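Remarks on the structure that follows.
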Amino acid sequence: MNRYLTIGYGAVCYVVFLAAFLYAIGFVGNLIVPRSIDNGVEASIGEAVVVNVLLLGLFAVQHSVMARPAFKRRWTRLVPKTIERSTYVLFSSLVLFLMFWQWRTMPAIIWDVAWTPGRVVLWVLFAAGWLTVLLSTFMISHVDLFGLRQVYLAWRGVPYTDLEFRTSLLYRVVRHPLMLGFIVAFWATPTMTAGHLLFAVATTGYILIAIQWEEHDLNAALGEQYRDYRSRVSMIVPSRPRRGDHGAPGATPRPV
């Protein structure tokens, strides 16, 4: 692929991702956007459950299958390696947009925090969760995670090389701060509807399963280095690192 087309394609995929990420914040928080988790397509409860579960399942399948090494080996026979990550990012973003567009509203109230300080705390946690997600991507190399480094190196004619396993801030106290940020953002809401609860339960369940697949891949790729790190730093709940902690996977882990 022409190197200018490659870097242009990578840039477009990244812009689509940014739009999806920003829309996701509004979608989950019922902020600004026209379609949100509590302002979607009206439907019966039966239709809403079926459609929403299918949408969440589609995202889970796409997001995890395309991230698996075995799939990548086959996929890169068709798609150049230089744009493989950008294509993954693009597909993930498009599936998210499909979910935003077709999400069915389930308005039944599960809880509604009326106490003002309580609502403020939950909104702060919501913001902190999304901020943790964003900052975590920079701690592991934002440009590599979303395919920008790959297309930039291709534009320069430089072969891609994996980034080293290294210490990076939050990764000293939890192995998956990005996933932790998502969980906090999805659950921290002053008004929990049935639709939001379905979303939070399903995405949390998927995250906990996906982490196992990701760690399996990391063990295979990094061997004893990752197993040692895993033995010293907790998976999802922040904790004080055990003695002997020398680092965390800076650029190696990628969300699945």
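We did not get these values from a lab; they are worked out from the coordinates using the rules stated. Please read all numbers here as calculations on a predicted model, not as lab measurements. Counting neighbours? That spans all protein chains shown, and the Cβs are built from the backbone with ideal geometry, glycine included.
Things worth noting here:
- For the range 5-50 and the range 107-161, distance of Cα centres in Å: 14 Å
- Farthest positive-ward along the range 3-232 dipole, Cα basis, beta-carbon charges - from Ile32, Val65, Val174: Val65
- Note on Val143 and Phe91: the model spin-label points, each 7 Å out from Cα along the C-beta direction, lie 2.6 nm apart.
- With θ taken as phi - 60° and the Karplus curve 6.51 cos²θ - 1.76 cosθ + 1.60 applied, the whole-hertz 3J(HN,Hα) list for the range 145-154 is 4, 10, x, 6, 5, 4, 6, 5, 5, 5 Hz, x standing for glycine and proline.
- Estimated inter-spin distance, Glu47 and Ile236, nm [label 7 Å along Cα→Cβ]: 3.3 nm
- Cα gyration tensor, the range 1-91 - rounded (a/c under 1.5), prolate or oblate: oblate
- Computed over the range 174-245, the quotient of the alpha carbon radius of gyration and 2.2 N^0.38 Å is 1.32.
- FRET E, pair Asp162, Trp75, Förster distance 22 Å, beta-carbon r, rounded to 0.05: 0.80
- Amide H contacts under 5 Å for Ser168, placed H, 5+ residues apart: Ala248
- Across the chain, Cα-Cα distances exceeding 31 Å account for 29% of all pairs.
- Exposed-loop-free span, longest in the chain, where GluC sites (Glu not before Pro) count as exposed if DSSP calls them loop and at most 16 other C-beta atoms lie within 10 Å: 43-163
- Linear extension gain, Tyr4 paired with Gln212, 0.36 nm per residue minus alpha-carbon span: 71.1 nm
- Three-way shape call for the range 32-153 based on the alpha-carbon gyration tensor, with the a/c threshold at 1.5: oblate
- Karplus-derived 3J(HN,Hα), 6.51/-1.76/1.60, for each residue of the range 57-70, Hz, glycine and proline x: x, 4, 5, 4, 5, 4, 5, 8, 4, 5, 8, 6, x, 5
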